[in-house]
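Here is the structure we will look at.
None of the figures in this text is laboratory data; all of them are computed from the coordinates on show. Being a predicted model, the structure only gives us computed values, none of them experimental. Note that we place each Cβ from the backbone using ideal geometry, even for glycine, and neighbour counts take in every protein chain shown.
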Amino acid sequence: MATYHLKTPLSQTDVEQLRIGDVVYVSGDAFTCRSRLHRWVLDEGHALPQAGKDRDLLIHVGPIVLREENRFKLVSFMPTSSIRFEKWGARAVEQWGLRMIIGKTTMGQETMDMMKEKKCVHVSPQCVSPNSWVQNIDITDVELFDELGTIEATWSMTVKELGPFVVDIDCQGNNLYKNHEKEVDEARDKALKALGIDPDFQYTKLY
């Protein structure tokens, strides 16, 4: 496991060196995206906001932001589960030129295959509460606020040493969570055997 401090825009070399389990801190420009923006662009045919055209770091997050006079104040920053966006994941990577996606959990095989082809990685927060990172994030602009609302709008941000994140999908086609699933299944089978429990047992239903 290695630790990297990367800066956007990310190069192909930046992401190709990353392996699952590596720790990443990132600085530079990023933009936010949730399900409504995916649908707005990839299903409904609207243009990608300028933030997405200018940036290759996408964060699956709906930040809570307040307007204070002539500036934005970030109140809450909590990345959401990326698997929710699997329907659009591969197309987003391909069409938006992404090099890195920040989110929780993982993404599916179709997105993983596209990440391998286009050289993109997925990373997850290596901490309990990313809200502690708000001091490392400056909100610089917002697009589609009226059309999509504050949570689903496209927020532009500049981040400084944001992290730590753990690489859970690399661009060699590896998935950290899939590896863990195999380890968990093997450990469970050993435990059931040691306890003399039938591996085909069913949990008691309470409803």
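Where Lys and Arg each count +1 and Asp and Glu each count -1, what net charge lies around residue 50 among other residues with Cβ under 15 Å from its Cβ?
On the way: positive: 53, 55; negative: 29, 54, 56, 141, 143, 147.
Value of the local net charge: -4.
Have a look at 51, 153, 191 and tell me which one the Gaussian network model of the chain (Cα, springs below 10 Å) gives the largest fluctuation.
Looking only at 51, 153, 191, the biggest GNM fluctuation is shown by 191.
Once label points are set 7 Å from the Cα along Cα→Cβ at both residue 117 and residue 2, what is their separation, rounded to one decimal in nm?
2.7
In percent, how large is the relative contact order of the chain, given Cα pairs closer than 8 Å and 6 or more residues apart?
Details: 430 pairs, mean separation 54.0, N = 207.
About 26 percent, as a whole number.
Using alpha-carbon positions, what is the distance between the centroids of segment 47-64 and segment 93-122, in Å?
One Cα centre to the other: 14 Å.
Just add up the charged neighbours of residue 148: K/R +1, D/E -1, any other residue whose Cβ is under 15 Å from the Cβ of residue 148. Walk me through the intermediate numbers first.
Working: positive: 34, 36, 39; negative: 43, 44, 141, 143, 146, 147, 152.
It works out to a net charge of -4.
Quick one: which of 41-47, 25-31, 61-67 comes out on top by average Cβ neighbours within 10 Å, and what's the full order, highest first?
Details: 41-47: 12.4, 25-31: 20.1, 61-67: 17.9.
Listed from highest to lowest mean packing, they are 25-31, 61-67, 41-47.
Once the piece of chain linking residue 141 and residue 190 is laid out straight, how much longer is it, given 0.36 nm per residue of separation minus the C-alpha distance between them? Walk me through the numbers before you get to the answer.
On the way: separation 49, 0.36 × 49 = 17.64 nm, distance 5.29 nm.
Between residue 141 and residue 190, full extension yields 12.4 nm more.
Using a cut-off of 25 Å between alpha-carbon atoms, which lysines can reach residue 104, once sequence neighbours fewer than 8 places away in the same chain are excluded?
Once the sequence-local lysines are set aside, what remains near residue 104 is 7, 53, 73, 87, 116, 118, 119, 160, 178, 182.
Taking K and R as +1 and D and E as -1, what net charge do the other residues with C-beta under 12 Å from the C-beta of residue 33 add up to? Intermediate values should be presented prior to the final figure.
Working: positive: 34, 36, 39, 55, 84; negative: 143, 152.
Charge balance near residue 33 sits at +3.
Please figure out what share of the DSSP beta bridges in the chain is antiparallel and state it in percent, rounded to the nearest 5. All intermediate terms of the calculation are to be shown ahead of the outcome.
Numbers: 23 of 37 bridges.
Percent antiparallel among DSSP bridges in the chain is about 60.
Given the chain, report the % of alpha carbon pairs whose separation exceeds 30 Å.
On the way: 5694 of 21321 pairs.
Of the Cα pairs, 27 percent sit more than 30 Å apart.
Run the helix sum for the chain: -39,500 (n - 2.57) per DSSP H stretch of 4+ residues, divided by residue count, reported at 222 nm to the nearest 500 deg cm²/dmol. Don't jump to the answer; show the numbers that get you there.
Numbers: 7 runs with 59 residues, N = 207.
Here the helix-only value at 222 nm equals -8000 deg cm²/dmol.
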